[in-house]
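The values are calculated or read from the model by the stated rules, or taken from the named source; none is laboratory data. Just so it is clear, the model here is predicted, and its values are computed rather than measured. Because the Cβ atoms are built from the backbone with ideal geometry, glycine has one as well, and the counts that use them run over all protein chains shown. Side chains are part of the model used for accessible areas, which takes the heavy atoms of the whole protein and leaves out ligands, DNA and RNA. Shrake-Rupley method; radii C 1.70, N 1.55, O 1.52, S 1.80 Å.
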Amino acid sequence: MIDASTAFIVIDAQNDFCAGGALAVPDGDAVIAPINALARRFAAVILTQDWHTPGHASFASAHSGRKPFEVIDMPYGPQMLWPDHCVMGTRGADFHPALDVPHAQAIIRKGYRPAVDSYSGFMEADRATPTGLAGYLRERGVSRVVCAGLATDFCVGWTALDARAAGFETLVVEDACRAIDTGGSLAKAREAMAAAGVKIVDTARLA
Ligand code: VGL
Ligand code: ZN
């Protein structure tokens, strides 16, 4: 049942991940309509927003001789490099203009520390620094989270895995997500989510 103990987490529904954006996810715009429709079914709605400093360490442009989608070793582990995207305060970091969730109550920004990425809405990529989202949800009495947005294999996947790790029952609405799918990343994310007990559902089956 969708009641106040279930939160809808809309992940990175931002211009840079949509058509014409700096890190456009294939068919990314297609998530906006189902997210708008789904959001109406929830009293508790939270948005995440990828929010990087200019010259962020996850940008290929910050590492001489490196290109987007290469993987480098960072002090906290392997890091895929990306085109410059979602720079704080820029249009690319804004939510998609058609995103219509005025009743969303909190926006969790992430990836704002210059040297550390954060795909997950819960935990930065150092796997040690929480964003505060788990505590926020617990204080509100949330025990179940439903995730949708961009991208399935990165920010949605990591957010869902961390939600499980934090003890939340976790669902991902797959038809309200789209993937980057680079180097087998989507298959890997699906396997990891299944192994962790994340439930993959679609809008029609969500109850
Ligand atoms: C994302 C790569 C880099 C995402 C964010 O939202 O999935 N992917 N930053
Ligand atoms: Zn990012």
request  = Compute the relative contact order of segment 38-141 as a whole-number percentage, counting only Cα pairs closer than 8 Å that sit 6 or more residues apart in sequence.
outcome  = 30
note = If amide H atoms are modeled at 1.01 Å from N in the peptide plane, then the residues at a separation of 5 or more from Y119, or on another chain, having amide H under 5 Å from its own are A125
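So, with a 1.4 angstrom probe, what is the percent of accessible area on the chain that is carbon and sulfur? Intermediate values should be presented prior to the final figure.
Details: 4860 of 8670 Å².
After summing per-atom areas, the C and S share lands at 56 percent.
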Long-range tail of P(r) for segment 52-136 (Cα pairs > 16 Å, %) = 58
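Note down the net charge around V87, summing +1 for each Lys or Arg and -1 for each Asp or Glu among other residues with Cβ under 10 Å from its Cβ.
Working: positive: R91; negative: D16, D50, D84.
So the surrounding residues net to -2.
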Segment T53-A37, extension gain: residue separation times 0.36 nm, minus the distance between their alpha carbons = 2.6 nm
remark   = When the chain is treated as a Gaussian network with springs between alpha carbons less than 10 Å apart, the largest mean-square fluctuation among P78, P130, P54 is found at P78
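Run the helix sum for the chain: -39,500 (n - 2.57) per DSSP H stretch of 4+ residues, divided by residue count, reported at 222 nm to the nearest 500 deg cm²/dmol.
-5000 deg cm²/dmol
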task = Please calculate how many Å² of accessible area segment 73-207 carries per residue, with a 1.4 Å probe and no DNA, RNA or ligand atoms counted.
result = 44
query = Under a straight-distance cross-link criterion of Cα-Cα below 12 Å, which aspartates and glutamates are reachable from K199, leaving out those fewer than 8 residues away in the same chain?
reply = E169, E174, E191
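Take every Cα pair under 8 Å in the chain that's 6+ residues apart, average their separations, divide by the length, and report that relative contact order as a whole percent. Please report the intermediate quantities before stating the final value.
Values: 476 pairs, mean separation 50.6, N = 207.
Here the relative contact order equals 24 percent.
For R140 and I200, what is the calculated FRET efficiency with R₀ set at 25 Å and r taken between the beta-carbons, to the nearest 0.05? If you can, show how the numbers build up before the last one.
On the way: r = 25 Å, r/R0 = 0.99.
For R140 and I200, the calculated efficiency is 0.50.
Taking every pair of distinct Cα atoms and averaging 1/r, then inverting, what Kirkwood hydrodynamic radius in Å comes out for the chain? List each step's numbers first, then the result.
Working: mean 1/r = 0.0595 Å⁻¹.
For the chain, the Kirkwood estimate is 16.8 Å.
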